[in-house]
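Here, each number is a calculation from the coordinates, and none is a lab measurement. Note that the structure is predicted; figures quoted are calculated from it, not measured. Counting neighbours? That spans all protein chains shown, and the Cβs are built from the backbone with ideal geometry, glycine included.
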Amino acid sequence: MLPSIDLRISNIIKALEQVVLPALTGRERLARDQVNLCIGHLRMIAQQWRWAAAFEAGSFQAMIALAEEMQPVVDPGYAEELAQAIASAKAVEGRDLAEVEHAIVALGGLIDRIILGEDGKVALAPAVWEAVLDYGEKQALRERTWFAATGLDPDRQELPSIAGMMAG
Amino acid sequence: MAIDMSEIIDAPPIDRIDIWNRDDMEPRIREILDRTVRDRVKGPYAAKTDSEVIAMLERYFARTEGLEAIGISDVARMAGGASKEQFAFTLRHKGDGVGERLVLRMDPLEAISQTCRGREAQVHVAFAGILPVASVRSVDADGEIMGQPAIILGFVNGVTEPSEGTGHGVSGIGTRYDDWAAKLAPQFIDALAQVHRFDWRSADLSYYAAPEAGTRQAAIWQVNWWSQVWWDGVVQPVAMVTYAERWLREHAPICDAPVMCHSDLRLGNFMFEEPSGKFTAVLDWELAHIGDFHEDIAWAIQRLFGTWTDDGTFLVCGLIARDEFLRAYEAASGNRIDPVKLRYYEVLNAYKCAVIDLGQAMRAATQSNNHQDIILTWLGSAGAVFLEQLVMLIREA
């Protein structure tokens, strides 16, 4: 691929930093703020793009694993629907990002319904609570790592690199 | 620790509050949230230009005050504004050739938090003379004249972070106050105490409603508010957010004595003058409501709003060590902090932030309904920080 995605991102950042920003007067505050955010987003995208499909597929696999952990202990009223949803999720082609995102919405929506338990009418087994917390902890770590470049995470020094996370 | 939910479901009722009644919330909040969904399809929204702002203001002052020969000048967009479009401007007219410096604070079609300018105006007026707050010049609560809900405030001089310092960030996050902290911390704590001591019963707060004392309604109103924001706008399911909602409903504490809560009193939301450090304004009252004082304390001590000293000490809002802050607040307010309630509201606030970042911000940006969609996606990238907080806080609760 010529020019490469990395080169094009780098070129855009250079143009924004060296041409667009200096052309804006101090009065153009909104424009300056937004150009700086554009640069920040582009730097982050440069770190992420090659891993994007694998990252989302990993999120999806983690969600399927959560559903499978829930399956033996959910209320019988949900058991069949959850089993079907897991089967459908496993049939999704993992390389198609849009398809994966769509499948996350479908399976995640059912998991949400089970957690809410018809607005508290259906009890959740302690094992489900633990499974959701474990999943939440792992997924939060992945997403914090993915977006660490924003600099907003107070504990970002403890996070691995994106490449390190994806390799692990 | 594992929670056996069947024990909670079978537990006798603590009070008459139905923790799953999603309709139980402040009426004005309900109106704002319903309006958000109704208006969402009107987008996309573009940032207003100076000339558009001038035309809007000229029409507004002519219609609302009958001013003649109106001149709007020196229009300057103000910094920050992840939520509202804000412009400083000077108003001159036939009866005032000198001019008045004012601030227009106006809703975009959809913001990171959807709130009421009428409530904001009322709470500004209520706190005039108690805390430094901007004066209210005019309010168009539903945008009937301006075209968009708006409040016009008196201009206040000051800065939200030191002009020269080592840390600056989006919406004040990450600001380091360093040597300024000794001057600012006492005023910050006093402001919190003053807000909580305020006699809201004797003020004109007709846009507000108060939860019933001695019940869980204060907490449930907040859960209902933010869970409706989530379900009205959810872009992608997040199991931890749903989990937290159920936990918050089933662990809601009783609020013995509801107080006025600012709900966003943190670094970046007060202005001070340099070099004295004297507060000139407490800002951003848009989330204010009557509720449990623990909510404000839990908000202030969030890790995202704090900084660390070089030796690793966490400073609440970049100002003061956590234990010292809690002691100083108790002394200033006369309130006694209940650690269980404080932890509950830490969970609630992490939930609220997750809903704002991963729910409302993502929905507004997806619809292209904000003047700064790019800030919304930037802040949304911090959503997982709150998911991690939810896991940690609930495990420790």
Just need a number here: residues in region A:146-168 that are of a type in the set (S, T, N, Q) and more than 9 Å from chain B (Cβ to nearest Cβ). 2
Tell me which of these A:I111 doesn't satisfy, since it passes every other one: (1) more than 30 Å from A:R43 (Cα to Cα); (2) surrounded by fewer than 22 Cβ atoms within 10 Å (Cβ to Cβ); (3) at the interface with chain B (Cβ under 7 Å from one of its Cβ atoms). (2)
Restricting attention to region A:45-54, does a residue exist that is within 14 Å of another protein chain (Cβ to nearest Cβ) and not aliphatic (A, V, I, L, M)? yes
Is it the case that B:C317 is within 14 Å of chain A (Cβ to nearest Cβ), on the phi > 0 side of the Ramachandran plot and not β-branched (V, I, T)? yes
A careful count of residues in region A:85-98 that are surrounded by fewer than 16 Cβ atoms within 10 Å (Cβ to Cβ) and within 14 Å of chain B (Cβ to nearest Cβ) gives 2
Condition broken by B:S333, with the remaining ones in (1) out of contact with any Gly (no Cβ under 8 Å at 6 or more places or on another chain); (2) more than 13 Å from chain A (Cβ to nearest Cβ); (3) within 25 Å of B:H251 (Cα to Cα) satisfied: (3)
Matching option when the condition is touching a helix residue (DSSP H, G or I) at 6+ places or on another chain (Cβ under 8 Å), in a loop (DSSP other than H, G, I, E, B) and in contact (Cβ under 8 Å) with a residue 60 or more places away in the chain, among B:A111, B:A126: B:A111
Checked region B:54-85 for anything of a type in the set (A, V, I, L, M) and within 14 Å of chain A (Cβ to nearest Cβ); matches are B:V75, B:A76, B:M78, B:A79, B:A82
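Residue check: is A:V35 farther than 30 Å from B:M78 by Cα and either in contact (Cβ under 8 Å) with a residue 24 or more places away in the chain or facing another protein chain (nearest Cβ under 10 Å) (or both)?
no
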Enumerate the pairs (first residue in region B:28-50 and within 14 Å of chain A (Cβ to nearest Cβ); second residue anywhere and assigned to a helix (DSSP H, G or I)) with beta-carbon separation below 7 Å, excluding pairs fewer than 6 apart on the same chain, so at least 6 apart or on different chains. B:A47/A:L30
Would you check if A:A106 is more than 12 Å from every other protein chain (Cβ to nearest Cβ), aliphatic (A, V, I, L, M) and more than 30 Å from A:M1 (Cβ to Cβ)? no
Only one of (1) part of a helix (DSSP H, G or I); (2) without any contact (Cβ under 8 Å) to a residue 40 or more places away in the chain; (3) more than 22 Å from B:W231 (Cα to Cα) fails for A:G77. Which number is that? (2)
Subset of region B:344-397 that is within 13 Å of another protein chain (Cβ to nearest Cβ) and aromatic (F, W, Y) - its residue that is farthest from B:H294 (Cα to Cα): B:W378
Checking A:G136, A:G120 in turn, the sole residue that is within 18 Å of B:V385 (Cα to Cα) and within 13 Å of another protein chain (Cβ to nearest Cβ) turns out to be A:G136
